[in-house]
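Comments concern the structure below.
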Amino acid sequence: RGSKIIAMRGLRSASRLGGRMRRSYAQTVTGDVLELSLTLDKASVGDHLENPYELTITEGIRDAWHGCFYQHDRLYTSDVFAQKLGFSKMLLPFSFLLHTAGAVSHADDRRKVLDVGIEQAVYEKPAYIGDTIRKEYYIQDLRTTSDGESTLLKVKCALLNQKNDRVFSMSKTMLFEGTTSKSGTRDMRRPPRAPAKPSSAVLEKISHRSAALSRSNALARLHEGQLILHSLARPIGSSMGMILSTMFRMTHPSLFNTKRFGNESVLVPGGVMLSQVHACAARGLYEILYEELEHAQLLNPISPTDLIGAISYVHAIREHPENPDLEEVELQTWGIKGLDVAHELRSLEIPIDVFSSAPQKRSELEAKLERSCPQLHGKVVSNHYRRLVRQSPRSETMFLL
């Protein structure tokens, strides 16, 4: 664009000498950076953020995801199992849709941007390989942080299939370094009450058809007050972190640009971090038939080379209200970095009061850990409060090799 403008100027400055057209051109040109991201100065609560991209989910995309994240609940790996529950074939994994919905391409790449949290992540309708997925985003809240130095943006994220059915939705909060030109005074309002959580046709179908399943597929009996040290721990890896970012059209330089940020300061996307923590917990919680993420907070950033593990505290277990063969489990999962959880935390006594069903602020949690459990101070990277639906356990046990 810049070169064309300069060329036109050169033509306008042409002069006719001796009956011949003589043209003069500039000898240098400066580049333009095209602005394709959301500018907070132009954003307002209620805005619909246009997303022109569509993605048809292929087996290759699904297989790449399973190669990165351990999640072998049969609803996501077996057509036969899924058909017993009334689905046409296996579903796309919950964590896959979580990351897909949260992979925002609009992030202002002129600012430092961090994912802060997720609320009400719900698998609403079945999503399959072969579906064409598009996204819709709506701004729910826009405000300046209490210190007046940054801006919080809350966005409703929805995934729709080729039939225009909403298959997955959640709310995502991001922190943008710096304030808007309005000094944060614009749109500083909250809805009078939290929006109602969407219903799930996926859960409804599972609760009605679970009698068709074998009764021996619960590995472990969970109980209230139990702390689970999950044995799986692994880093994301530099190449895989960038591949997952590229695959889902995330372009912020903090995810890729080693010249600007350095190899150790390149970040892992929030959706990848959350999915990795869920994957670390998946084997110990097998078999999950359905899950919802009530809320999650991303407390400390991680780099692609950080070892990530997980622990889970069971808050409540109750019979599913529509099916006594199922149980609902409410549990809190922490992502832990830099520790081999199953070995290094085996004899560690953790005060129960550090766990809570409410969202946790980083400063408050770190203060508690510094006082009462310094071994975990600075190590908790994320806090997830999840609702799981499993089959009620029976006496028989199935060992996972």
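Work out the length of the dipole vector of the range 324-370 about its Cα centre, built from +1 on the beta-carbon of each Lys and Arg and -1 on the beta-carbon of each Asp and Glu, and round it to the nearest 20 debye.
I would put it at about 320 debye.
Roughly speaking, to the nearest percent, how much of the range 293-401's 1.4 Å accessible area is carbon and sulfur?
Using a 1.4 Å probe with all protein chains present, the range 293-401 comes out at 50 percent carbon and sulfur.
Going highest first, how would you order 162-168, 200-206, 383-389 by mean Cβ packing within 10 Å?
383-389, 200-206, 162-168
For an R0 of 35 angstrom, estimate the FRET efficiency from the Cβ-Cβ distance between Leu307 and Ser392 and round to the nearest 0.05.
Between Leu307 and Ser392 the formula returns 0.50.
Which of the peptides 310-322, 351-363, 92-104 is most tightly packed, and how do the rest follow, going by the mean number of other Cβ atoms within 10 Å of each residue?
So the peptides 310-322, 351-363, 92-104, ranked by packing, come out 92-104, 310-322, 351-363.
Can you run the Rg to Rh ratio on the range 60-167? Use alpha carbon positions and the Kirkwood inverse-distance Rh.
Rg/Rh: 1.05.
Using protein chains only and a probe of 1.4 angstrom, how many square angstrom of Thr333 are accessible, to the nearest 10?
For Thr333, the solvent-accessible surface is approximately 0 Å².
Given the protein chains as shown and a 1.4 Å probe, how many square angstrom of Thr145 are accessible, to the nearest 10?
Spelled out: Thr145, probe radius 1.4 Å, area about 30 Å².
Which distance in nm do the two modelled labels at His208 and Lys89 give, with both placed 7 Å along the Cα-to-Cβ direction?
2.3 nm
Accessible area, 1.4 Å probe, largest first: how do Met273, Met242, Met90 sort?
Largest to smallest exposure gives the sequence Met242, Met90, Met273.
The values are calculated or read from the model by the stated rules, or taken from the named source; none is laboratory data. The shown structure was predicted, so the numbers you read here are calculated from the model rather than taken from an experiment. Here the Cβ is made from the backbone with ideal geometry for all residues, glycine too, and neighbour counts use every protein chain on show. Accessible surface is based on the protein model in full, side chains and every heavy atom, while ligands, DNA and RNA are left aside. Shrake-Rupley method; radii C 1.70, N 1.55, O 1.52, S 1.80 Å.
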